[in-house]
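*Asks:* Here it is, the structure in full.
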Amino acid sequence: PYGADTSGENRFMPPKKPIPWNEVKDCLVYGPISPQRPDSGWLQVEYGFLYQWIDGFQDEDCLRLNVWTPSIADGKKRPVMFWIHGGGFFSGSSQEHPSYDGENLSTLGDVVVVSINHRLNVFGYLDLSDYGSQYASSGNVGMLDIVAALEWVRDNISNFGGDQNNVTIFGQSGGGSKVITLMAMLAAKGLFHRAISQSNSIVQVATHSYASQMTRHVLEDLNITRENISQIHKVKPARLVEAIGVAERKMGSAVPTDVGRAGLQPVVDGKILPTHPFDPVAPSISANVPFMVGTTRNEASASINNAPIENLDEDGLKKKITEKYNSKGDAIYKTLRKVHPDVKPVEILSFISAQNPMAYLQASRKAAQKAAPVYL
């Protein structure tokens, strides 16, 4: 544990230190994950089977981290790779997928790998700041959890053979979005020294205006008002998760131009998160942090829910690229074939489906600072 149980009076509050212990603690199994919709990591049961997804055990006592190290007895201080899972800001965990196991990376890279669980969705990003000063941080406690985990690394990772002064944060999809959000948080400054964002799709998060609308819909579904706001600490986790779906349907998928994505997410509050992560510019707080950004090559297969497309031929590939990119289609096709001359057409299609223009935007804004290396 890197933090205390977040249920009851700790719900919607910044993370607290865990209750200390003196005995040897059994930490040989993964800990609980943040409450979330069951099976929310995939759209169909078949996805879960093919990707070997694991939901895990849900509980609000979820501030747990995992450590893999090649050795604690050789006196070495190894680089630390701090992994942040995907799933947007609403789902996922450090153990949901076999590839999240840090043993191979730790052994082959001779690094210490850390992965974390933290609060998600309504538990991590419900902005209740309009309902009492005690909730001033509620819209960003999920990000504050990650900061607390980084503080744990700073204070303890040397005991596991890691160098607290050589920490790289990296994450994919929603994890990549959390990486760039950390880069804009003063509380995270100095806790990491390099950042890698893989396949993230935002430069903005929520404004208070957007977040407050989401909150209003959640509370209406729960029959909670300003007068009885304390009751929200007693609502069952599953009921809170249910209310998210109601609120999201009322809000719809369209978002204002100054909001990163639909749904619950970190909130620009002027304090914990002073500005949008990468809009209109890269954050000055992390100007000196080297940054790598890009798209995960094997993020998904175009055929996972469309088996016949495995037989796509070259003409079919050209047609699909042209449909997606119009007049630029032919040039894009030729470039992809030059880079990947021997792969099947369906693999080229898979590469395209994962390409994200936000990577180029983030790289250009970070490079404009002329303060640290940028890798695209």
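*Asks:* Are there helices (runs of 4 or more DSSP H) fully within the stretch 303-376 with at least 1 residues that are more than 22 Å from N200 (Cβ to Cβ)? List them.
*Replies:* In the stretch 303-376, the matching helices (runs of 4 or more DSSP H) lie at 314-325, 329-339, 345-354.
*Asks:* Check off (1) loosely packed, with under 13 Cβ neighbours inside 10 Å; (2) in contact (Cβ under 8 Å) with a residue 60 or more places away in the chain; (3) under 19 Å from the mean Cα position of the chain (by Cα) for P98 and give me the number that stays unchecked.
*Replies:* The failed condition is (2).
*Asks:* Select from the stretch 256-266 the residues that are among the β-branched types (V, I, T) and surrounded by fewer than 16 Cβ atoms within 10 Å (Cβ to Cβ) and list them in ascending order.
*Replies:* T257
*Asks:* Go through the stretch 249-263 and give me each residue that's touching a residue at least 24 places away in the same chain (Cβ under 8 Å) and either more than 17 Å from V179 (Cα to Cα) or part of a helix (DSSP H, G or I) (or both).
*Replies:* Hits for the stretch 249-263 are K250, M251, V255, P256, D258, V259, G263.
*Asks:* If the requirement is being modelled with pLDDT under 95 and at positive phi, which of these qualifies: G316, G263, G245?
*Replies:* The match here is G263.
*Asks:* Can you find a residue that is free of Cβ contacts under 8 Å to residues at least 24 places away in the same chain, within 30 Å of P357 (Cα to Cα) and surrounded by 12 or more Cβ atoms within 10 Å (Cβ to Cβ) anywhere in the stretch 232-245?
*Replies:* no
*Asks:* Also, I was wondering about something else. Considering every residue within the stretch 269-276, establish whether at least one is at negative phi and part of a helix (DSSP H, G or I).
*Replies:* Within the stretch 269-276 (the criterion being at negative phi and part of a helix (DSSP H, G or I)), the answer is no, since none of the residues qualifies.
*Asks:* Further, regarding this structure: Could you tell me which of the residues S350, S286 is in the same structural domain as M81 (by TED's automatic domain parsing), under 23 Å from G176 (Cβ atoms) and small (G, A, S)?
*Replies:* Just a single option satisfies the conditions, and that option is S286.
*Asks:* Among the residues of the stretch 29-56, which ones are more than 20 Å from the chain's Cα centre (by Cα), surrounded by fewer than 13 Cβ atoms within 10 Å (Cβ to Cβ) and at pLDDT below 90?
*Replies:* Q44, V45, E46, F49
*Asks:* Still on this structure: For Y333, all conditions in the list (1) of a type outside the set (G, A, S); (2) surrounded by 13 or more Cβ atoms within 10 Å (Cβ to Cβ); (3) closer than 30 Å to H118 by Cα hold save one; what is the number of the exception?
*Replies:* Single failed check for Y333: (3).
*Asks:* Condition first: farther than 22 Å from R154 by Cβ, exposed (fewer than 15 other Cβ atoms within 10 Å of the Cβ) and not hydrophobic (A, V, I, L, M, F, W, C). Can you find one or more residues in the stretch 194-210 that meet it?
*Replies:* Yes, that holds for at least one residue.
*Asks:* Okay, moving on. Residues in the stretch 170-213 that are hydrophobic (A, V, I, L, M, F, W, C), under 24 Å from F12 (Cα atoms) and in contact with a strand residue (DSSP E or B) (Cβ under 8 Å, 6 or more places away or on another chain): how many?
*Replies:* The qualifying residues number 8.
*Asks:* Of these, V167, V112, V153, which one is farther than 18 Å from M13 by Cα, out of contact with any Pro (no Cβ under 9 Å at 6 or more places or on another chain) and either aliphatic (A, V, I, L, M) or crowded, with 23+ Cβ neighbours inside 10 Å (or both)?
*Replies:* V153
*Asks:* Continuing with this model, one more query. Yes or no: N288 closer than 25 Å to T6 by Cβ and surrounded by fewer than 17 Cβ atoms within 10 Å (Cβ to Cβ)?
*Replies:* no
The values are calculated or read from the model by the stated rules, or taken from the named source; none is laboratory data. Given the structure is predicted, the values throughout are model-derived calculations rather than measurements. Neighbour counts are summed over all protein chains in view; Cβ atoms, including those assigned to glycine, are modelled from backbone coordinates with ideal geometry.
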